Amino acid sequence: MALSLKQAVRKTAMQAMLMRERFESGHAYNPVAYRNTQNPYPAYAALRERGQAHRSRLMNAWIFGRYEDVAAILPDWQRFSSDGRKAKRPGKRTVIPDPGTPSLLSLDPPDHRRLRGLVSKAFTPRAVNALEPHIRSLMHELLDGIDDLSGFDLMEVVAKPLPVIVIAEMLGVPVEDRPRFRSWSDRRARILEPTIAPEERADAIRAGADLDAYFAPLIEERRADPQEDILSGLVQAEEEGDRLDEAEMIALLRLLLVAGNETTVNLIGNGMLALLKHPEQLQRLRDDPSLVPSAVEELLRYDSPVQLDLRRIVEDCDVNGFPVKRGEDIVMLIGGANRDPEQFGDPDGLDVGRDQGSHISFGRGIHACIGAPLARLEARIAIEVLLERFSSIRLADPPARFRPSIVLRGLESLPVAAEA
Ligand code: HEM
């Protein structure tokens, strides 16, 4: 396919940066190379083995990929902030996206604490586990809709619809609008990708604005007629005065919709792909369904839906002895830390009964994923119901392919064949 002039210029600039990187450090890491988007783990292993940190010219950041370092950076918000406005160097190319109105993910305390407190109740394990019967029946309905068991796309049938229906219901946005907000949410999520082209960044920003405009009339409806949903809870908090303003409320709703959507889609998709590629592990789950919760943890470790996380260094300091400077950015290889042999025995193997080491796929510290109990529950139910409904399920053609994203790792499609 012929490249446009803009694409050709971008490609040449990228190659020049990679050459410079190789010249400076003896190694170049290109996360967007096709082989790395399909299987990033050999490149992570190479980086881990070369040293504690690698200077990426492409991302203009330090890359840390050892478990011990990622686990130290994640919770240390005083030195490694998620707020890209902090210690900003004018004119410097940065990987930290500008979210517009900042929300949980990009704020430090005390604002972070204030906003997180407003929604945390809805996501406690207790609140979320109460949804189990409902999510299970949704899962059955989705499988009832399959026309032909001899060939269907598990992404379209289960992985994509389930999380979006659940989060829409929890927030209180009409589920029938889901084709619209799923598209906005998918396009908006691209803002997290540090290597996208300016046109795609502009599109992600537009999708965010469309989501905001979509929420505005719903907020007015809830003001007039409160319901039992997160939207009504936030409207009430806003009306009480100093707890949040309308822009913050909209940013929070948008974050929950986007964060609660694509990540869980990919946990179900990547997780089922891993199981289908390891039929002996799938059989272990059939033989002993009590292993499903530990399988979900192992799938989160084995092929994490969130592969990279970003921070701004706010003071000259060190990461376990490696010196770093204020104003520089850090890229953490979550997927790399999850495969660190110093932390996990046989890290590239899939073991649904693994009971050693804890993955880092939901982050750590103040920003640790608020939706983790929900994601775990949806993945567990999806696997349980698939095993219950199908006496066999296997990969079909064409082979599953990963999308070219480097932060949110997920499949384009997952063709399978099953028998009832
Ligand atoms: C398998 C699915 C999921 C994965 C792998 C995942 C991963 C993560 C990670 C790594 C973080 C920390 C980011 C950081 O420290 O910079 C995070 C934060 C967050 N996640 Fe998730 N997530 C998932 C599902 C969900 C769901 C279902 C929701 C909500 C419904 C959600 C909402 C959030 C929110 C709001 C934050 C920001 C929390 C804060 O900054 O205090 N996530 N997630």
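Brief remarks follow.
Conditions (1) at pLDDT below 95; (2) within 30 Å of ASP242 (Cα to Cα); (3) more than 16 Å from the ligand (Cβ to nearest atom), marked per residue:
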site	(1), (2), (3)
LEU5	yes, no, yes
GLN15	yes, no, yes
TYR29	no, no, yes
LEU47	no, no, yes
MET59	yes, no, no
PRO90	yes, no, yes
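- Taken as a whole, the structure leaves ASP287 outside the set of residues that are closer than 23 Å to VAL95 by Cβ and away from the ligand (no atom under 16 Å from the Cβ).
- Inter-residue pairs, beta-carbon under 7 Å, first free of Cβ contacts under 8 Å to residues at least 12 places away in the same chain and in segment 221-244, second of a type in the set (A, V, I, L, M, F, W, C) and part of a loop (DSSP other than H, G, I, E, B), 6+ apart: GLU238/LEU244
- Here the helices (runs of 4 or more DSSP H) wholly within segment 87-177 that include at least 3 residues being free of Cβ contacts under 8 Å to residues at least 12 places away in the same chain are 132-144.
- Residues of segment 342-390 that are modelled with pLDDT of 95 or more, over 25 Å from ASN39 (Cβ atoms), out of contact with any Lys or Arg (no Cβ under 9 Å at 6 or more places or on another chain) and part of a loop (DSSP other than H, G, I, E, B): ARG364, ALA368, GLY371, PHE390.
- Search result, residues across segment 17-43 that are out of contact with any Leu (no Cβ under 7 Å at 6 or more places or on another chain), surrounded by 12 or more Cβ atoms within 10 Å (Cβ to Cβ), among the hydrophobic types (A, V, I, L, M, F, W, C) and part of a helix (DSSP H, G or I): MET19, ALA43
- Condition met for ARG201 (under 30 Å from THR94 (Cα atoms), surrounded by 17 or more Cβ atoms within 10 Å (Cβ to Cβ) and within 24 Å of the chain's Cα centre (by Cα)): no
- When the residues of segment 375-402 are filtered to those that are buried (at least 21 other Cβ atoms within 10 Å of the Cβ) and of a type in the set (Val, Ile, Thr), the one that is nearest to GLY269 (Cα to Cα) is ILE383.
- Number of the exception - PRO404 against (1) more than 16 Å from the ligand (Cβ to nearest atom); (2) within 27 Å of ILE165 (Cα to Cα); (3) at pLDDT 95 or above; (4) of a type outside the set (S, T, N, Q): (3)
The values are calculated or read from the model by the stated rules, or taken from the named source; none is laboratory data. If you're wondering where the values come from, they're calculated on a predicted model, not measured in any experiment. Here Cβ is always computed from backbone atoms with ideal geometry, including for glycine, and neighbour counts include all displayed protein chains.
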